[in-house]
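No lab work stands behind these numbers, since they all come straight from the coordinates. Everything numeric in this text was worked out from a predicted model, so none of it was measured. Note that each Cβ is placed from the backbone with ideal geometry, even for glycine, and that neighbours are counted across all protein chains shown.
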Amino acid sequence: METKRLIETENSIQEFTVQFYGGTVMIEQNQLPLGQISCELLDYPVEELLALHDEAVRLFSIVRDSLFARDKEKSPALAAAVQRQLNRALKHVYPLPLFSLLNIDRDTYGTMLEELCRSAPEEFQKAVTPGTPENEALSSFFGKLFRLPDELLCFRSYVSTMLDFYFEPPGRRNAEHYAVGVYRFFSDAAVQEALRAALPPYPTFEFLQSRPVMTEYVTMPDPVQPEKYILAERVVFSSLADFLHMDLFRGLMHGNVPRRCHNCRKFFLLQNGYDVRYCTRIAPGETKRTCRQVGAHNKQADRDSKTPVQIEYENTYNRLKKRKARGRISTDEWNALVARAQDIREQAQRGGLSDFEMKKMFEEI
């Protein structure tokens with residue numbers, strides 16, 4: 001039964017399941033705002049992606065020329081050699097955004113070829129013989145690893161170009177503004193052709209406006225208020241690229257967008273309802289002050305506008321004030337809750353909380 005398969009899917013490199021509800025994506029037990037994983041991939045060290053690319057090329061060579069070659073003996077020594085190269089590639093896969101949050105069975109991946117060769121030699125021979133169903137399954141696994149670095153490098157190239165040149169010009173920071181930016185980006189034939197020409201040839205990640213996934217709708221306890229229930233969308237992905245595509249565009253639909261900090265030049269997630277130019281990381285050359293604090297001192301526009309912390313603190317303070325005026329909380333409760341809100345504000349201003357974490361903590365008061 002397809003629904004049962006969806007529910008029972010164990011997360012792995014080949015296939016993983018996440019849940020979407022509201023403006024949030026749940027990966028295992030981690031709750032993140034839409035667009036956060038895409039933002040992390042845009043900032044992921046490019047040297048790590050290039051290292052993964054190099055290891056994937058080496059893996060491709062030994063699989064093609066030895067493991068799947070009909071004229072090569074499929075010995076335990078060969079299985080061990082391919083396993084070592086596979087493990088070198090996987091070492092760069094596990095820390096990737098999203099994969100680092102999945103409970104992947106690394107022990108199985110770390111010994112899969114050697115164990116199959118040792119415990120089931122006939123099955124191993126089938127798996128390495130082209131034309132068999134077992135070989136098709138193993139080829140699919142290796143193929144995803146071979147394509148992964150190019151897919152991620154292509155994603156970074158396309159999305160950073162779109163964000164820097166089609167989203168940054170003056171305009172309102174909302175879902176409508178982002179929709180116009182996406183349309184302008186995909187309609188610019190010259191830019192699309194230039195990006196394609198600069199990227200690796202097929203097989204690679206094509207940045208299209210549609211991606212294949214499997215989905216179902218489920219009822220689940222509200223992660224914030226477990227006594228309540230919400231309707232969520234459970235989606236099964238067969239590649240990290242497919243997830244990034246949905247994460248980015250769902251984020252844009254909800255008003256969330258990765259934005260390049262005007263100080264450190266790294267990306268941060270700008271959430272719906274905010275319009276700030278700076279992230280909350282420690283600023284370059286600083287030991288305590290964040291880019292947002294530095295920017296507030298350097299830019300008149302930022303001095304004159306409210307930060308996300310100020311917006312959420314004032315909303316929370318006014319909400320508590322109304323509850324006190326209506327007699328729903330006592331004076332002692334009011335004092336304690338306002339003190340709690342002030343603590344959250346100070347923690348966020350120091351850079352100790354992301355905008356998403358800060359907003360959730362204020363909403364829970």
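For segment 306-365, the relative contact order works out to 44 percent when only alpha carbon pairs closer than 8 Å and six or more residues apart are counted. Each peptide in 56-63, 232-239, 185-192 receives the mean, over its residues, of other Cβ atoms within 10 Å, and ordering these scores from highest gives 232-239, 56-63, 185-192.
Charge dipole of segment 2-198 (Cα centre as origin; +1 on each Lys and Arg Cβ, -1 on each Asp and Glu Cβ, all else neutral): 180 debye, rounded to the nearest 20. How much net charge surrounds residue 223 when only other residues with a Cβ under 15 Å from its Cβ are counted (Lys, Arg +1; Asp, Glu -1)? Once all neighbours under 15 Å are counted, the net charge is -3. Peptides 271-278, 342-349 ranked from most to least packed give 271-278, 342-349, packing being the mean of other C-beta atoms within 10 angstrom over each peptide's residues. The residue list 26, 57, 82 was ranked by how far each Cα lies along the charge dipole of the chain toward its positive end, using unit charges on Cβ atoms, and 26 comes out on top. Of the residues 178, 94, the one with the fewest other Cβ atoms within 10 Å heads the list, and the complete ranking is 94, 178. Given 4 °C and 1.567 mPa s, compute D for the chain with the Stokes-Einstein relation, Rh being the Kirkwood radius over Cα pairs; round to the nearest whole µm²/s. It diffuses with D of about 55 µm²/s by this estimate.
Mean separation of Cα pairs under 8 Å and 6 or more residues apart, divided by the residue count, gives the chain a relative contact order of 18 percent. In the calculated pair-distance distribution of segment 256-364, the portion above 21 angstrom amounts to 39 percent of the Cα-Cα pairs. The shape of segment 46-191 can be summarised by an equivalent ellipsoid whose semi-axes, obtained from the alpha carbon gyration tensor, come to 41, 16, 13 Å from longest to shortest. Working from Cα pairs under 8 Å separated by at least six residues, relative contact order for segment 2-198 is 20 percent. In the elastic network of the chain, a GNM with C-alpha springs shorter than 10 Å, the most mobile of 154, 279, 264 is 264. Exposure proxy for 183, 158: other Cβ atoms within 10 Å of each Cβ, ordered fewest to most, give 183, 158. The magnitude of the dipole of segment 306-365, with charges of +1 and -1 set on the Cβ of Lys/Arg and Asp/Glu and taken from the Cα centre, is near 360 debye.
The ranking of 230, 37 by Cβ neighbour count inside 10 Å, starting from the fewest, reads 230, 37.
Using the Cα coordinates of segment 306-365, the gyration tensor eigenvalues translate into equivalent-ellipsoid semi-axes of 22, 11, 9 Å, sorted from longest to shortest.
Remark: the chain carries a charge dipole of roughly 1560 debye about the Cα centre, counting +1 on each Lys and Arg Cβ and -1 on each Asp and Glu Cβ. When the Cα positions of 285, 258, 338 are compared along the charge dipole of the chain, 338 comes out farthest toward the positive end, with charges on each C-beta of Lys, Arg, Asp and Glu. For segment 123-128, putting each phi into the Karplus relation 6.51 cos²θ - 1.76 cosθ + 1.60 with θ = phi - 60° gives couplings of 5, 4, 4, 5, 5, 9 Hz, in residue order, rounded to whole numbers and with x for Gly and Pro.
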